[in-house]
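Asker: Let me give you the structure first, and then I'll get to my questions.
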Amino acid sequence: MTEYSYSPTGEKFQLPEPEDYSKEYERLKDLVNRQRAIGREIVLVMGVGFVGAVMAAVVADAEDGKGNSTKYVIGMQRPSTRSFWKIPLINRGLSPMNTEDPEVGLMIDRCVNRKKTLTATFTYDALKLSDVVVVDVQCDYLKESLGNVRSGQTEMKALEDSFEIIAQNINPETLVLIETTVAPGTTEQIAYPIIKKMFRKRGITSDPILAHSFERVMPGKNYVSSIRDFWRVCSGINEEATRRVVKFLKEVINTEKYPLSVLDRPIESETAKIVENSFRATILAFLDEWSLFAEQNGVDLVKVIKAIKVRPTHSNIIFPPGIGGYCLPKDGGLGLWAYRHIHGFEDDIFKITPLAIDINDTRALHVAQLTRDALRNMGRPIASAEILVLGASYREDVGDTRYSGSELIVRRLTEMGAEIRVNDPYVLHWWELENQDEYPASSHSLKRFFRGQEKLKDLRVEQDLKKALHDTDAVIFAVRHQHYLSLDPDELVNNAGGPIAVIDCFGILDDTKIKRYFELGCEVKGLGRGHVKRIKDQVREEKEQMLLSAPIKSPKLKKG
Ligand SMILES: NC(=O)c1ccc[n+]([C@@H]2O[C@H](COP(=O)([O-])OP(=O)(O)OC[C@H]3O[C@@H](n4cnc5c(N)ncnc54)[C@H](O)[C@@H]3O)[C@@H](O)[C@H]2O)c1
């Protein structure tokens with residue numbers, strides 16, 4: 001049966017048939033022969049997702065001191081119904097991601113259409129042609145319960161399959177650079193034995209040239225520079241692998257300005273990633289209790305944090321007290337899992353890391369409570385209230401919905417009987433809801449932790465904000481997308497058709513806007529924004545003053 005893959009805009013692409021593979025390999029061989037003839041190294045990026053697609057373009061854009069392109073890049077993607085569409089899009093010079101950084105699209109277009117240093121493919125045969133393989137496939141952490149990371153496990157299948165496929169195809173001299181965030185120990189204790197075993201089967205006696213260097217990419221406004229112009233950590237499994245990974249990274253990213261940290265062993269590079277993300281997750285979780293404190297005691301945590309951040313020693317305290325995150329909810333879990341399942345320890349040394357993840361994983365539920373209370377103050381029950389969630393993605397200015405805090409808000413509010421609408425300028429399809437029976441895995445939707453979730457399959461992201469606002473009872477500012485920062489309270493209330501409940505999850509509203517919403521008869525609440533009550537009282541006093549000082553109009557007497 002013919003299968004299709006649909007791009008987020010609905011364009012339909014037929015998945016390759018068996019006979020397409022040999023044709024595609026011939027196309028690549030021809031391209032590679034011509035590229036080698038002009039001295040370019042062939043780099044294969046495996047997995048053109050949020051990281052791989054942009055990394056592929058950064059490598060393809062790399063030039064030597066004389067302005068000559070040094071690499072030819074093949075982005076390789078599994079031809080699955082969910083992801084195949086990325087291949088034809090890249091081959092037209094289009095970015096598969098919707099992002100605020102214009103450089104992503106420009107760079108992919110430049111490399112595909114002008115420099116001709118980038119192509120995308122679906123065939124694993126491309127591995128046979130590569131000098132370097134960069135692994136950018138995902139390694140997820142699947143949780144078995146809500147708010148208990150310990151009960152979860154690392155989903156290694158995609159990654160283990162990738163190592164096996166790589167080992168079946170590459171030349172022994174090919175550098176394999178794992179960029180995926182992995183459970184510490186993966187490169188040496190999982191990738192190495194898989195590849196070594198396959199090499200032996202193929203009669204290859206040398207060790208694989210294997211290295212790890214994690215990505216610190218921040219999809220959003222500085223997407224490209226967060227890959228190219230940023231510090232990197234790397235390590236190889238032996239001297240040769242270390243030499244090769246250092247050489248490669250020096251050729252493709254800006255290591256002059258952002259020097260490399262070369263560590264002794266891959267487990268150290270892998271651990272560095274998990275520790276730095278657990279550190280951020282911990283600060284976020286730590287601020288959650290202070291966010292609740294602030295709400296209950298008239299404190300604006302946004303201003304408190306701003307005041308603290310001026311101390312150079314405290315400048316990295318995370319602001320504002322928001323929710324969500326793709327890597328932060330999973331990476332610490334990879335660490336706990338590795339301790340037991342890769343390294344074989346029975347004791348439980350982790351306290352802070354799992355606690356931080358558990359707090360972050362459930363903090364979004366509080367937004368549903370704030371919404372309920374704001375509506376109650378307006379005399380409207382949450383059940384059957386129309387609620388608009390602004391932002392489906394996990395962070396601002398990017399269309400990535402994995403582990404987004406908004407999903408939890410939507411699920412809890414749905415359980416409480418509310419009717420949900422969603423707007424997100426970067427997200428055309430919210431697969432975690434639309435495809436909740438299969439995505440992220442058949443038994444791993446967050447829907448299993450909530451009741452009454454069936455109707456969320458029919459929820460579609462409304463791109464027209466005006467339409468989304470029409471007749472709504474509440475608006476939740478769930479993500480700090482650029483588009484939402486300048487929304488005017490008068491316009492918003494006007495489009496909603498009257499006063500609404502406004503919930504600010506990300507310190508988006510300043511005091512002037514909060515005041516204006518109250519003046520318009522709205523109710524405002526926000527994570528860590530305990531001071532809104534003061535503003536509300538001030539508006540009420542001002543209204544009372546106005547009423548008192550207004551001249552009392554005497555009824556007009558009819559002339560007669
Ligand atoms: N997204 C981020 O902000 C970010 C930041 C830093 C690090 N990372 C890490 O980078 C890694 C990749 O993340 P991502 O966001 O790009 O994930 P992603 O899911 O967007 O991309 C992974 C891609 O790999 C493909 N894939 C899986 N198995 C494959 C195979 N055998 N052959 C070819 N392709 C295959 C998938 O189809 C998908 O397109 C993860 O470990 C992640 O933690 C991500």
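The values are calculated or read from the model by the stated rules, or taken from the named source; none is laboratory data. Please read all numbers here as calculations on a predicted model, not as lab measurements. Here Cβ is always computed from backbone atoms with ideal geometry, including for glycine, and neighbour counts include all displayed protein chains.
Asker: Give the residue, chosen from Ile204, Ile178, Ile194, Ile190, that is buried (at least 23 other Cβ atoms within 10 Å of the Cβ) and touching a residue at least 24 places away in the same chain (Cβ under 8 Å). Please lay out each step first, then the result.
Answerer: Numbers: Ile204 fails: buried (at least 23 other Cβ atoms within 10 Å of the Cβ); Ile194 fails: buried (at least 23 other Cβ atoms within 10 Å of the Cβ); Ile190 fails: buried (at least 23 other Cβ atoms within 10 Å of the Cβ).
It is Ile178.
Asker: As an exercise: evaluate Arg36 against (1) within 14 Å of Leu129 (Cβ to Cβ); (2) within 16 Å of the ligand (Cβ to nearest atom) and give the number of the one condition it does not meet.
Answerer: Among (1) within 14 Å of Leu129 (Cβ to Cβ); (2) within 16 Å of the ligand (Cβ to nearest atom), Arg36 violates only (2).
Asker: Taking the stretch 139-156 on its own, how many of its residues are more than 23 Å from Arg216 (Cα to Cα) and within 11 Å of the ligand (Cβ to nearest atom)?
Answerer: 0
Asker: Same structure again: Having 1 or more residues that are aliphatic (A, V, I, L, M), touching a helix residue (DSSP H, G or I) at 6+ places or on another chain (Cβ under 9 Å) and more than 16 Å from the ligand (Cβ to nearest atom) is the bar; report the helices (runs of 4 or more DSSP H) wholly within the stretch 175-267 that clear it.
Answerer: 239-252
Asker: From (1) farther than 24 Å from Arg202 by Cα; (2) at pLDDT 95 or above, pick out the condition that doesn't hold for Ile178.
Answerer: Single failed check for Ile178: (1).
Asker: Only one of these is among the β-branched types (Val, Ile, Thr) and free of Cβ contacts under 8 Å to residues at least 60 places away in the same chain: Ile317, Ile342, Ile323, Ile352. Name it. Working first, answer last.
Answerer: Details: Ile342 fails: free of Cβ contacts under 8 Å to residues at least 60 places away in the same chain; Ile323 fails: free of Cβ contacts under 8 Å to residues at least 60 places away in the same chain; Ile352 fails: free of Cβ contacts under 8 Å to residues at least 60 places away in the same chain.
Checking each option against the conditions leaves just Ile317.
Asker: How do the helices (runs of 4 or more DSSP H) wholly within the stretch 472-560 filter down when requiring 3 or more residues that are surrounded by fewer than 19 Cβ atoms within 10 Å (Cβ to Cβ) and either at pLDDT below 95 or touching a Phe, Trp or Tyr at 6+ places or on another chain (Cβ under 7 Å) (or both): which remain? Write out each step before concluding.
Answerer: On the way: elements: 482-485, 489-496, 511-519, 532-549.
So the answer is 532-549.
Asker: Specify the residue that is nearest to the ligand (Cβ to nearest atom); the eligible residues are those in the stretch 289-321 that are part of a helix (DSSP H, G or I) and among the small types (Gly, Ala, Ser).
Answerer: Looking only at the stretch 289-321, we keep the residues that are part of a helix (DSSP H, G or I), and these are 289-296, 301-309, 312-314.
Now drop any that are not among the small types (Gly, Ala, Ser), which leaves 291, 294, 307.
Numbers: Ser291: 24, Ala294: 29, Ala307: 30 Å.
It comes out as Ser291.
Asker: Regarding Pro354, is this residue assigned to a helix (DSSP H, G or I) and either within 16 Å of the ligand (Cβ to nearest atom) or in contact with an Asp or Glu (Cβ under 6 Å, 6 or more places away or on another chain) (or both)?
Answerer: Numbers: assigned to a helix (DSSP H, G or I): yes; either within 16 Å of the ligand (Cβ to nearest atom) or in contact with an Asp or Glu (Cβ under 6 Å, 6 or more places away or on another chain) (or both): no.
So Pro354 does not fit the description; no.
Asker: Which of the residues spanning the stretch 383-422 are touching a Lys or Arg at 6+ places or on another chain (Cβ under 7 Å), within 16 Å of the ligand (Cβ to nearest atom) and charged (D, E, K, R)?
Answerer: Result: Glu396, Asp397.
Asker: Hey, any hits in the stretch 428-442 for a residue that's more than 25 Å from the chain's Cα centre (by Cα) and of a type outside the set (A, V, I, L, M)? Lay out the reasoning, then the answer.
Answerer: Keep residues of the stretch 428-442 that are more than 25 Å from the chain's Cα centre (by Cα), which gives none.
Among the residues of the stretch 428-442, not one is more than 25 Å from the chain's Cα centre (by Cα) and of a type outside the set (A, V, I, L, M), which makes the answer no.
Residues checked against (1) assigned by TED's automatic domain parsing to the domain that holds Pro96; (2) in contact with a Phe, Trp or Tyr (Cβ under 7 Å, 6 or more places away or on another chain); (3) basic (Lys, Arg); (4) without any contact (Cβ under 8 Å) to a residue 12 or more places away in the chain:
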position: Phe214; (1), (2), (3), (4): yes, no, no, no
position: Lys221; (1), (2), (3), (4): yes, no, yes, no
position: Arg243; (1), (2), (3), (4): no, no, yes, yes
position: Lys247; (1), (2), (3), (4): no, no, yes, yes
position: Lys250; (1), (2), (3), (4): no, no, yes, yes
position: Asn297; (1), (2), (3), (4): no, no, no, no
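Asker: Is at least one residue of the stretch 91-103 more than 16 Å from the ligand (Cβ to nearest atom) and buried (at least 23 other Cβ atoms within 10 Å of the Cβ)?
Answerer: No.
Asker: Would you check which residues across the stretch 322-351 are under 29 Å from Ala294 (Cβ atoms) and assigned to a helix (DSSP H, G or I) and list them?
Answerer: Within the stretch 322-351, the first condition is being under 29 Å from Ala294 (Cβ atoms), and the residues that meet it are 322-333, 350-351.
Residues satisfying the conditions are Leu328, Pro329, Lys330, Asp331, Gly332, Gly333.
Asker: Are any residues in the stretch 136-175 touching a Phe, Trp or Tyr at 6+ places or on another chain (Cβ under 8 Å), within 20 Å of Val43 (Cβ to Cβ) and surrounded by 22 or more Cβ atoms within 10 Å (Cβ to Cβ), and if so, which ones?
Answerer: Correct list: Ala167, Leu175.
Asker: Hey, does the stretch 223-230 have a residue that's under 29 Å from Leu336 (Cα atoms) and touching a Leu at 6+ places or on another chain (Cβ under 8 Å)?
Answerer: No, every residue in the stretch 223-230 fails to be under 29 Å from Leu336 (Cα atoms) and touching a Leu at 6+ places or on another chain (Cβ under 8 Å).
Asker: Can you pull out every residue in the stretch 451-471 that is free of Cβ contacts under 8 Å to residues at least 60 places away in the same chain and assigned to a loop (DSSP other than H, G, I, E, B)?
Answerer: Arg451, Gly452, Gln453, Leu459, Arg460, Glu462, Gln463, Asp464, His470
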